[in-house]
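Undergrad: Sharing a structure, written as structure tokens. Questions coming.
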Amino acid sequence: MRAALSTRTLWAFRDDGPANRALGRMAAGRLPPLPAAVLAAAATGVLLALRADGGPAPALFAPVVVLLLTGASSGHPHSGRLDWLAPPIFRGIEYGYLAVLGFAQSVSAPLVYVLIAVLALHHYDTMCRVRRGVRPQEWVVLAGLGWEGRMLLVALAGLSAFLPFAYAALAAYLGVLFGSESVLTWTRTGRERGPGVMVDLERGKA
């Protein structure tokens with residue numbers, strides 16, 4: 001039971017979107033997540049460092065590389081001793097990519113900060129609700145595109161002159177989506193369980 005709960009928790013922390021999940025189903029959970037996460041982080045860093053001066057390549061290909069490297073591992077049970085490190089690595093990849101690409105292509109700093117702040121609050125909210133035994137709703141996860149989907153969307157916008165608009169639109173969309181769903185979920189959870197009830201999923205205690 002402990003392993004099953006830990007697996008579901010790590011899957012929630014991964015914040016995978018439809019693309020990663022599709023590849024994960026194809027791989028049937030055979031590929032371990034940590035090596036894929038490390039390779040994806042290294043590849044992203046290299047691609048960003050090769051040309052971070054506003055040019056369209058090769059940094060804009062990083063999300064495709066990341067998807068191919070990490071997607072197949074999304075269905076893995078994350079049962080290894082260090083597999084818990086994969087979700088934090090994914091957060092670093094997403095936040096780092098959005099920051100470096102945005103600044104390199106002259107997106108205003110407030111837009112970059114707002115988008116990353118929205119995502120950070122979403123991931124913090126996910127962690128808090130999982131500790132209370134409340135799983136993120138499936139439709140919200142899919143509507144949020146997943147961390148790989150958000151990177152792909154920004155990369156596509158980077159091929160045109162619409163990257164600042166993409167940052168603004170994505171921040172507004174995700175802010176409304178995650179914010180409204182979070183308020184409704186916490187309000188409903190508070191009524192059903194009462195305040196201050198914390199659930200340790202790893203130990204199965206209330």
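Undergrad: Please find, in a Gaussian network model of the chain (springs between Cα atoms separated by less than 10 Å), the residue of Gly149, Gly102, Gly133 whose mean-square fluctuation is greatest.
TA: Highest fluctuation among the options: Gly133.
Undergrad: Averaging the inverse of every distinct alpha carbon separation and then flipping it gives the Kirkwood radius. What is it for segment 42-114, in angstrom units?
TA: Numbers: mean 1/r = 0.0744 Å⁻¹.
Evaluated on segment 42-114, it is 13.4 Å.
Undergrad: Relative to the longest principal axis of the chain, what angle (0 to 90°, nearest 10) does the C-alpha long axis of helix 2-14 take?
TA: Tilt of helix 2-14: around 30 degrees.
Undergrad: Please report, largest first and rounded to whole Å, the three semi-axes of the ellipsoid equivalent to the chain, where each semi-axis is the square root of five times an eigenvalue of the C-alpha gyration tensor. Spell out each step's value before the answer.
TA: Numbers: eigenvalues 176, 95, 32 Å².
In descending order the semi-axes read 30, 22, 13 Å.
Undergrad: So if I restrict to the alpha-carbon atoms in segment 131-185, what is the Rg, and what is Dmax, the biggest pairwise distance, in Å?
TA: Here Rg and the maximum Cα pair distance are 13.2, 43 Å.
Undergrad: For the charge dipole of the chain, defined by +1 on Lys and Arg C-beta atoms and -1 on Asp and Glu C-beta atoms about the Cα centroid, which residue among Phe162, Thr9, Leu119 has the Cα displaced farthest towards the positive pole?
TA: Of the listed residues, the answer is Thr9.
Undergrad: Using only DSSP helix segments of four residues or longer, with each worth -39500 (n - 2.57), what per-residue ellipticity at 222 nm results for the chain after dividing by its residue count and rounding to 500?
TA: Result for the chain: -23000 deg cm²/dmol, rounded to the nearest 500.
Undergrad: Using only Cα atoms and rounding to the nearest 10 degrees, what angle (0 to 90) does helix 146-158 make with the longest principal axis of the chain?
TA: Helix 146-158 sits at roughly 20 degrees to that axis.
Undergrad: On to the next question. Quick one: dipole size for the chain, taken about the Cα centre, charges +1 on Lys/Arg Cβ and -1 on Asp/Glu Cβ, in debye to the nearest 20. Show your work: numbers first, answer last.
TA: On the way: 19 positive and 12 negative charges, 150 e Å.
Computed charge dipole of the chain: roughly 720 debye.
Undergrad: Rank Trp11, Trp139, Trp186 by mean-square fluctuation in a GNM of the chain with C-alpha springs under 10 angstrom and give only the top-ranked residue.
TA: Highest fluctuation of the listed residues: Trp139.
Undergrad: Using a Debye calculation, one point per C-alpha and no hydration shell, please list log10 I(q)/I(0) for segment 61-103 at q = 0.15, 0.34 Å⁻¹ in order.
TA: Values, matching the q order: -0.44, -1.20.
Every number here is computed from the coordinates shown, using simple stated rules; none is lab data. On a predicted model such as this, the values are computed, not experimentally measured, just so you know. A quick note on method: Cβ atoms are made from the backbone with ideal geometry, for glycine too, and the neighbour counts reach across all protein chains shown.
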